[in-house]
């Protein structure tokens, strides 16, 4: 069973079986990760300062980046796309004069930097240019990479994604089913497309993804999950509803992130989530949460807290 799960789902869930996990230092590690998450958070309202961009442009870019990352990075490290998106959002937070025709170039440069940090064998610049149908030359991508690093003062590696927090939260589960893990992974990556999740810390996004997956599989968010995640059902309710609202969008099956998680390796997680979201009425979704609140209150009396110019013109 475990060997099958490892071979079919090779992303962050493999951490669940890491015997070298330094549990004795866990509290200090997660406190530091929470501090870094706050420090490396982008401006959640940066689009208001952009002259030419809209949130829809960001959504299209991130979905495209997910597809490229999945196709070019052979080791499939889940942290890569999260780091790349974080770099894009932070860059756009401090550069307010970005034209739409330069947005893909920023995405490619961010993928290049993130791959160098996360992947054993990062893609070549020429491969990235090829994946973008040679819209940009190799020299343009390298120039954009230097500009991105310069604007962010080379502060790259400390960012921690929701995948880093999934390991902690999953300790609350006595049994982790393959579909539940696959659904959680899809849902947190699906949240990347929604700008409304930008103010949310990675720890909470991880909790929202796992909570939503458990709602879909009729599993409860009991006190153990509250203690390991640091969040009650009520605190995750808004994120849960945002995910379901996005899932119910008619264009969801056309997204690259949907295609990625629709394959057999991910147990068709995106198809299951989309069908579930569209088979539930608003009243049924609300009822599922009300049942969850009752269960949570019955199982415990409280909870424990867990801790300018773009400069992208070719030289």
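We did not get these values from a lab; they are worked out from the coordinates using the rules stated. All of these numbers come straight from a predicted model, not from anything done at the bench. Every residue, glycine as well, gets a Cβ built from its backbone with ideal geometry; the counts of neighbours run over all protein chains shown.
Some notes on this structure:
- Cβ crowding within 10 Å, taken as a proxy for footprinting-reagent exposure, orders 89, 101, 251 from fewest neighbours to most as 251, 101, 89.
- Distance-filtered residues of the stretch 175-206 - backbone nitrogen under 17 Å, label point 7 angstrom along residue 264 Cα→Cβ: 179
- Counted residue by residue at 0.36 nm each, then reduced by the alpha carbon distance between them, the extension gain from residue 36 to residue 59 reaches 5.8 nm.
- Ranked by the mean number of other Cβ atoms within 10 Å per residue, highest first, peptides 235-243, 147-155 order as 235-243, 147-155.
- A Förster radius of 45 Å combined with the Cβ-Cβ distance from residue 248 to residue 28 puts the calculated FRET efficiency at roughly 0.65.
- FRET efficiency for the residue 45 to residue 133 pair, using the beta carbon distance and R₀ = 30 Å, is estimated at 0.40.
- Between the stretch 31-53 and the stretch 132-174, the alpha-carbon center distance in angstrom: 13
- Distance (nanometres) between label positions extended 7 Å along Cα→Cβ at residue 234 and residue 71: 4.7
- Förster radius 45 Å - calculated FRET efficiency between residue 174 and residue 154 (Cβ-Cβ, nearest 0.05): 0.55
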